[in-house]
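A short write-up of the structure that comes next.
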Amino acid sequence: MTKFLLAVHVLAAIIAIGPVTVAASMFPAAVRRAVASPAGPATVRTLHRICRVYAVIAVVVPASGFATAKSLHVLGSAWLITSIALTALAAVVLGGLVLPLQEATLDALDAPAGPPESADRTSRQLALYTGVFNLLWATVTVLMIIRPGSTTGA
């Protein structure tokens, strides 16, 4: 059962977190292009939808991670507790900063008067928050691979 749980956890991380990190990373540049293009924010809307949908699906990652950790009897390990804290922080950054700022940006792009001049500043903020989100997930991934105290010898 442990191998199954671990497989679900890893697959969920790849399938759910990957698209969020890529779409969120592409969003700021897409905003800058949407401001400069008469084509409008269709790409920006699609990237935001990807971020929203896959953020919800990504709940499987920590859920399967807890089940895997319990099965492996490592719930009290420092590396795991650190990973849990970083995952929670990544969720806060995504849900509390990235997604709301994306929504506000879309609202501004859809405004009858056109996008405000602050779109460039907003895209820089989004790039910063997305970078923090991606860095948090990269750190969690490294911790999951290295696992200090692991008996695998890695």
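The values are calculated or read from the model by the stated rules, or taken from the named source; none is laboratory data. Values in this document were obtained by computation on a predicted structure and should not be read as measured data. All Cβ positions, glycine included, derive from the backbone under ideal geometry; neighbour counts span all protein chains shown. Please note that ligands, DNA and RNA were not included when accessible areas were found on the heavy atoms of the full protein model with its side chains. Shrake-Rupley method; radii C 1.70, N 1.55, O 1.52, S 1.80 Å.
See the values below:
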| item | result |
| --- | --- |
| Share of pairwise Cα separations in the chain, more than 24 Å, in percent | 39 percent |
| Principal-axis tilt of helix 99-110 within the chain, Cα atoms, nearest 10 degrees | 20 degrees |
| Segment 11-92 - Rg over Rh from alpha carbon coordinates, Kirkwood radius | 1.15 |
| Percent carbon-and-sulfur accessible area, the chain, ignoring ligands, DNA and RNA, probe 1.4 Å | 71 percent |
| Sequence-separation-based contact order of segment 9-140, relative, with Cα cut under 8 Å and 6+ spacing, percent | 36 percent |
| Cα gyration tensor category, rounded, prolate or oblate, for segment 65-140 with a/c compared to 1.5 | prolate |
| Solvent-accessible heavy-atom area per residue, rounded to whole Å², over the chain at 1.4 Å | 56 Å² |
| Magnitude of the charge dipole, the chain, Cβ model with Lys/Arg +1 and Asp/Glu -1, debye to 20 | 360 debye |
| Choice from 126, 86, 11 showing the highest fluctuation, given a GNM over the chain with Cα pairs closer than 10 Å | 11 |
